[in-house]
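What follows is one structure encoded as structure tokens, with my remarks underneath.
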Amino acid sequence: VLPVFALLALALSGCSNSKVEMNVLDPHGSAGEKQLDLINWSFILMLAVFAVVTTIYIYVLIRYRKRKGIDRMPEQVHGNTVLEIVWTVIPIILLAILAVPTVSTTFDLSEKPKTKDAIRVVVTGHQYWWEFEYPDLGIKTAQELHIPVGRKVDLEIHGKDVLHSFWVPSLQGKTDVVPGRVNHMTLDADKPGVYQGKCAELCGAGHALMDFKVIASNDADFNKWVAEMKAPPAPVTTASEKKGEQLFQQNCMGCHAGINPNVQGPDLNKFGTRTTIAGVLPHDEQHLKQWLHNPQAVKPGALMPKINYLQPDEIQALTDYLMSRK
Ligand code: CUA
């Protein structure tokens, strides 16, 4: 058994990534800490139940084992009212002890933040990407949720197509994303860093790759990011970028500038500032070309069409233009 467990432990160690935080048991925000308290509390309770049950079990095994020389049938018992009441009442009490903190934490976490400096973000889950809109700041972006450290973030969670679930393991538990319904979640981060986000509800072929990042930075860096996002788009300078702009208008604008509300892709206005492509690929030219050539090979089920009909120089121009969007 030991080698099997050792191998499993080895596999689990692959989950650790020093740069991107993704560990429920090592939370970096007040919501995550409250949830870890609940996990610990229920774990201790379960451990106590396990210890009592195991002790009784082992005692009975030894005390009433078959002994040499004794062949008679032991006394057969049918029903014991006191025992049955006891083993019904104890679980009820245990469940109540678990339920009270669970329910109060659940309501606590879905409450809107009371602090005035809270940041409001409208999150929308799409197959298979995340949209982040800051209504008070006039910013719309995708795949990367920027938040200031130590401030409450009030998330208003919408669904566009099917059920998804918004989950940042190091910061907060899962919140369902339901079309036609608005769910709330408050989160905060206690130190700067990059926290991995996941879709935690099977939503189609691209579910496993419906990733996003929460980038928590100190106030100065966050304000810098806000200013960068609100600044007018960078001027289109080189000939290649100009050509790329034209190609973008002809091939991409229908979905990526929000003209068509039903076929809406991520806002690419500040694409050059992102750290990932489609939430999963490293943010560089080579991977952007890979994505454009065959998006479904990267993310199965993605609605983005293949842009494999353009000439290599046109792809280069489009790439140059997109990367210059800062
Ligand atoms: Cu969205 Cu799974």
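Quick one: what pairs do we get from the stretch 22-39, first residue closer than 15 Å to Ala216 by Cβ, second part of a helix (DSSP H, G or I), C-beta under 6 Å, 6+ apart or different chains?
Close Cβ pairs satisfying both conditions: Pro27/Glu33; Pro27/Leu36; Ala31/Leu109.
Filter the stretch 288-326 down to the residues that are hydroxyl-bearing (Ser, Thr, Tyr) and surrounded by fewer than 17 Cβ atoms within 10 Å (Cβ to Cβ) and list them by number.
Tyr309
Restricting to the stretch 249-282, name every residue that is surrounded by fewer than 17 Cβ atoms within 10 Å (Cβ to Cβ) and either under 23 Å from Cys199 (Cβ atoms) or among the β-branched types (Val, Ile, Thr) (or both).
Once the filter is applied, which keeps residues that are surrounded by fewer than 17 Cβ atoms within 10 Å (Cβ to Cβ) and either under 23 Å from Cys199 (Cβ atoms) or among the β-branched types (Val, Ile, Thr) (or both), the stretch 249-282 yields Gly258, Ile259, Pro261, Asn262, Val263, Thr273, Thr275, Thr276, Leu281, Pro282.
Take the stretch 40-69 and flag every residue that is of a type outside the set (S, T, N, Q) and either touching a residue at least 40 places away in the same chain (Cβ under 8 Å) or not in a helix (DSSP H, G or I) (or both).
Answer for the stretch 40-69, where residues must be of a type outside the set (S, T, N, Q) and either touching a residue at least 40 places away in the same chain (Cβ under 8 Å) or not in a helix (DSSP H, G or I) (or both): Trp41, Leu45, Val49, Tyr64, Arg65, Lys66, Arg67, Lys68, Gly69.
Consider only pairs whose beta carbons are under 8 Å apart and that are at least six residues apart or on different chains; among these, list those whose first residue lies in the stretch 167-178 and is more than 11 Å from Cys199 (Cα to Cα) and whose second residue is within 12 Å of the ligand (Cβ to nearest atom).
From residues that are more than 11 Å from Cys199 (Cα to Cα), the pairs are Gly173/Trp167; Val178/Gly159; Val178/Leu163.
Out of the residues in the stretch 297-312 meeting the condition of being without any contact (Cβ under 8 Å) to a residue 60 or more places away in the chain and not in a loop (DSSP other than H, G, I, E, B), tell me which one is farthest from Glu285 (Cα to Cα).
Ala297
Every number in this text was worked out from the coordinates using simple rules, so none of it is lab data. Quick caveat, the model's predicted, so the values are computed rather than measured. No Cβ is skipped: glycine too gets one built from the backbone with ideal geometry, and neighbour counts run over all protein chains shown.
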